[in-house]
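The values are calculated or read from the model by the stated rules, or taken from the named source; none is laboratory data. Quantities reported herein were computed from a predicted structural model and do not represent experimental measurements. Quick reminder, even Gly has a Cβ in these numbers, built from the backbone with ideal geometry, and neighbours come from all protein chains shown.
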Amino acid sequence: MLVSFASLLFLALGMASGDFQDACADLHTIFRNQSSRLDAKCENILAPHSNSVSGGYCLASMVSAGYYRSSIVNPLYDAVVEISGTLGLFPVITGTNSGGTMFIVRYFALRDTAQENLWTYPCYLLKTGYRTTCFLHGNFGSISEECYSENQNLIGAATGMIYSQLIQANGGPLGAVASYASVYFSFLNNLPISREDTSYAGFWKSRGQWNTREGIQAEWTVAHTVVSPLEASQGENNWNYGYSSYLSRGFYLDSNGFSKGEATQWFANTSVYTVSSISANTLSAISMQPFSFAGKAWDNSADSTGASVPLKLLVC
């Protein structure tokens, strides 16, 4: 029943038509006392948008799902933030990291399916007496269904039983195999991605969308952290893995699925699953922490003066 209610809600909101001018007319109604701030076609509020999605694992999935769902529930909001594409407007570029990358891979893979199946029903729109029942018995929608506790527990247990020896032989629970397995099996394995589209470039070529307003195809950058003392110090040292050696990097694909016009970049041909596991930053966020914390430069800069002495004692 919740799915049918959701269908009625989305139809009632007029999202099936995807008409920006309908949203514009509603904006004029809402801002009727300040209507001089909007031109007739609301074009003065349209600007190229960028979007960024980050976070950790299921926290990122649930929070991001709420953010993206809001543009489906409220067409006026979507007219301003331009994230759902239902009005022909997409972010010009999307940047993702860690759990945000896993969410976006799911979103890009599923977003062309019926909107009422993607999201959990917006229970907060119901009267008070129905909200509790709705929250307790509603589903997460296909975008975030991987975060049901039963799904996570079952898949985690099965992955551990099958791959435990391989994981222990490759860095343990924080090694490369464990990182890849936790990303792929727990978050991405049930997506409708064909064998031909599993490469990072191939996936984006088949799933990228066109921004009709700007007349360009949207672009995507997957962020990750490189810990490189040699590069960070510009060749002065290669031994200090402190936070000053953390460098932000991104796997960038343009509208042709290439990295800055080059199809030969190594990550263009690696799988979207591997790119997602690298973006999870298990190495820099967890495994490297003892070395990064101990290697921090304990100077007298404003950000560390008050805590430097006790933190030095803690490290020792």
Q) If we keep just the residues of the range 268-287 that are touching a strand residue (DSSP E or B) at 6+ places or on another chain (Cβ under 6 Å) and assigned to a loop (DSSP other than H, G, I, E, B), which is nearest to Val222 (Cα to Cα)? A) Asn281
Q | Contacts under 7 angstrom Cβ, first residue in the range 220-249 being under 27 Å from Ser52 (Cα atoms), partner outside any strand (DSSP E or B) and of a type in the set (Val, Ile, Thr), 6 or more apart | A | Val222/Thr101; Val222/Val275; His224/Ile278
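Against the condition surrounded by fewer than 22 Cβ atoms within 10 Å (Cβ to Cβ) and in contact with a strand residue (DSSP E or B) (Cβ under 8 Å, 6 or more places away or on another chain), how does Asn51 come out, does it pass?
Here the answer is yes, as Asn51 does meet what is asked.
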Q) Just one of Ala158, Ala178, Ala169 is more than 30 Å from Thr86 (Cα to Cα), small (Gly, Ala, Ser) and touching a Gly at 6+ places or on another chain (Cβ under 8 Å); which is it? A) Ala178
Q) Which condition number does Thr101 fail, the rest of (1) under 20 Å from the mean Cα position of the chain (by Cα); (2) at pLDDT below 85; (3) buried (at least 22 other Cβ atoms within 10 Å of the Cβ) being met? A) (2)
Q: Examine the range 10-22 for a residue that is at pLDDT below 75, of a type outside the set (Ser, Thr, Tyr), surrounded by fewer than 13 Cβ atoms within 10 Å (Cβ to Cβ) and assigned to a helix (DSSP H, G or I), and state whether such a residue exists.
A: yes
(Q) With the requirement that a residue be at pLDDT below 65 and either among the small types (Gly, Ala, Ser) or part of a strand (DSSP E or B) (or both), what does the range 243-260 give you? (A) Ser255, Gly257, Ser259
**Q.** Enumeration of residues in the range 137-181 that are assigned to a helix (DSSP H, G or I), among the polar types (S, T, N, Q), crowded, with 18+ Cβ neighbours inside 10 Å and touching a residue at least 60 places away in the same chain (Cβ under 8 Å)
**A.** Ser179
Q: For the range 122-136, enumerate the residues that are loosely packed, with under 13 Cβ neighbours inside 10 Å and not in a helix (DSSP H, G or I).
A: Lys127
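Residue-wise test of (1) modelled with pLDDT of 90 or more; (2) surrounded by fewer than 18 Cβ atoms within 10 Å (Cβ to Cβ).
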site: Ser194; (1), (2): yes, yes
site: Thr198; (1), (2): yes, yes
site: Ala201; (1), (2): no, no
site: Arg207; (1), (2): no, no
site: Trp210; (1), (2): no, yes
site: Gly215; (1), (2): no, yes
site: Asn237; (1), (2): no, yes
Q. If you go through the range 191-205 one residue at a time, do you hit one that is among the polar types (S, T, N, Q), closer than 22 Å to Ala285 by Cβ and touching a residue at least 12 places away in the same chain (Cβ under 8 Å)?
A. no
Q.
Scan the range 83-91 and tell me whether some residue there is in contact with a strand residue (DSSP E or B) (Cβ under 6 Å, 6 or more places away or on another chain), farther than 22 Å from Phe187 by Cα, at pLDDT 85 or above and part of a loop (DSSP other than H, G, I, E, B).
A. yes
